[in-house]
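Heads up, the thing below is written out as structure tokens.
Every number here is computed from the coordinates shown, using simple stated rules; none is lab data. Please read these numbers as outputs of a predicted model, since none were measured by experiment. Using ideal geometry, Cβ is built from the backbone for each residue, glycine included, and neighbour counts are taken over all protein chains shown.
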Amino acid sequence: MNGSPRYVRTGRGTELFNTVVRWLTARGVSIWGSRVLAVRGRSSGEWRTVPVNLLGHEGARYLVAPRGHTQWVRNLRAAGGTGELRLGRRTEAFAADELADADKPEILRAYLRRWKFEVGVFFEGVDHTASDETLLAIAPGYPVFRLR
């Protein structure tokens, strides 16, 4: 790593996929737990939206950033961990806490178990069968937020 936070830009395929998922989710069709995440922009204050996979794990809910320290991650941090999850006409305000790297392996494993087919390309060969040590080693590049 070159010292800067890991951030994988979207390619055309990902942008197209996200557009379709966002459109369906905005109309109330959740694709494997998808939601539209809405967070205030850190500079503009305007709502910014992106489709996300909402992970339920052991009674808690999590947002994982498979592409790293993306714009939505930076905006969520700047907004004090507050935002909205939208599904069709339903809007749920939330607050979230970012997990420490040491707390991420179990969540990353659960996320990969559920969505590797969709996000595996962003995990560079790591999957849900990886050791705790491997998941801990990659944890700094994958922000995780626990919703409350």
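Numbers for the structure displayed
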{"read-out": "Sequence-distant residues sharing a close amide H with T10 (under 5 Å, placed H)", "value": "none"}
{"read-out": "Rounded to the nearest 20 debye, dipole of the chain from Cβ charges on Lys, Arg, Asp, Glu", "value": "700"}
{"read-out": "Hypothetical label at E98: residues of the range 42-83 whose amide nitrogen lies under 15 Å (7 Å Cα-Cβ projection)", "value": "42, 63-83"}
{"read-out": "Value of relative contact order over the chain, rounded to a whole percent, pairs C-alpha under 8 Å and six or more apart", "value": "26"}
{"read-out": "At 1.002 mPa s and 20 °C, Stokes D of the chain from Kirkwood alpha-carbon radius, µm² per second", "value": "137"}
{"read-out": "Table column - 3J(HN,Hα) (Hz), the range 134-148, Karplus curve with 6.51, -1.76, 1.60, x for Gly and Pro", "value": "5, 5, 5, 5, 8, 3, x, x, 10, x, 9, 10, 9, 7, 9"}
{"read-out": "Shape of the range 25-99, Cα gyration tensor, a/c cut at 1.5", "value": "oblate"}
{"read-out": "Amide H partners (placed H, <5 Å) of H57, local residues excluded", "value": "Y62"}
{"read-out": "Theoretical gain in end-to-end length, E106 to V8 [0.36 nm per residue, Cα-Cα removed]", "value": "33.0 nm"}
{"read-out": "³J(HN,Hα) computed for each position of the range 67-83 - Karplus, 6.51 cos²θ - 1.76 cosθ + 1.60, integer Hz, glycine/proline x", "value": "8, x, 7, 6, 4, 5, 5, 5, 5, 5, 4, 5, 8, x, x, 10, x"}
